[in-house]
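Below is one structure, written out as structure tokens; the observations come after it.
Read-outs: derived from the displayed coordinates by stated rules, not from any lab. In this text, all values refer to a predicted model and were calculated from it rather than measured experimentally. Because the Cβ atoms are built from the backbone with ideal geometry, glycine has one as well, and the counts that use them run over all protein chains shown.
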Amino acid sequence: MGHLPSVIIPVEFQSMKRDMICLCNEPVSCWSKGDVTIFEGAFRYKNLFIRADIIEKKGNQINLIEVKAKSFGGNDSTDMLSKKGFLDTGWEEYVYDVAFQKYVITQTHPEFDVRAHLMLADKNAVATVNGLNQKFLLKPLENGRTAVVIAGDVTKEVLGKEVLIRINVDDIIERVYDGKDKQIPDPVSFIDRISITTFSSGQISLKKGEIELT
């Protein structure tokens, strides 16, 4: 599913470098060209380092889009809450991940209005094309990474109706930052928990007040 958004959202630049310093300089150099969409843009703030799935820069606004292989049958972020109005435990790791990434980008570039989104498989969408999954094949590489091989035409017209949905999660992230996402707040705030740990990835899971890399 990770490659499908690149068909839905036109991409001007995809980072291929591995060096951290070069990676973190790339988004800024791309932004000088005006509005731009970047895949796997890198950002570093103090001891925190992330690579965002998709970054859309439109004027003074940055749309951070984190792609997840998880289905969603709701309409907006309120459908990720429990009946009592707190973040559903099934969504914690996904929301915490993008909340971490938003924090890093916001601290690195306070001049921008950063808005966070999750891109998910839409349970309510019906595919209009048979064999959609066969158009994106996985190929193992020698360095242990995996490449996506496109099979045939993957234009929007050929892929048919969109099967992904983009959900803004800024409201929930503010709850996470304020410690109001759980009925029983963690003794240490989200920001404090991520700030005391050195991360080499933007993917995290926070459970029971502890930090686990995933």
| Non-local amide H neighbours of Val36 (under 5 Å, H modeled in plane, Pro and chain starts lacking H): which ones? | Lys57
| query | Can you work out ³J(HN,Hα) from phi for every residue in the range 81-96, in order, using Karplus 6.51 cos²θ - 1.76 cosθ + 1.60 and θ = phi - 60°, giving whole Hz and x for Gly and Pro? | reply | 9, 6, 4, 8, x, 9, 4, 4, 4, x, 10, 4, 4, 6, 5, 4
| field | Spacing of the two label points (7 Å from each Cα toward its C-beta) at Lys182 and Phe112, in nm | value | 3.0
| request: Can you tell me how much longer the chain between Ile196 and Ala125 gets when fully stretched, taken as 0.36 nm per residue apart minus their C-alpha distance, in nm with one decimal? | output: 21.4 nm
| message | Give me a comma-separated list of calculated 3J(HN,Hα) values for the range 178-187, in order, Karplus coefficients 6.51, -1.76, 1.60 applied at θ = phi - 60°, integers in Hz, x for any Gly or Pro. | response | 8, x, 10, 7, 10, 5, 10, x, 5, x
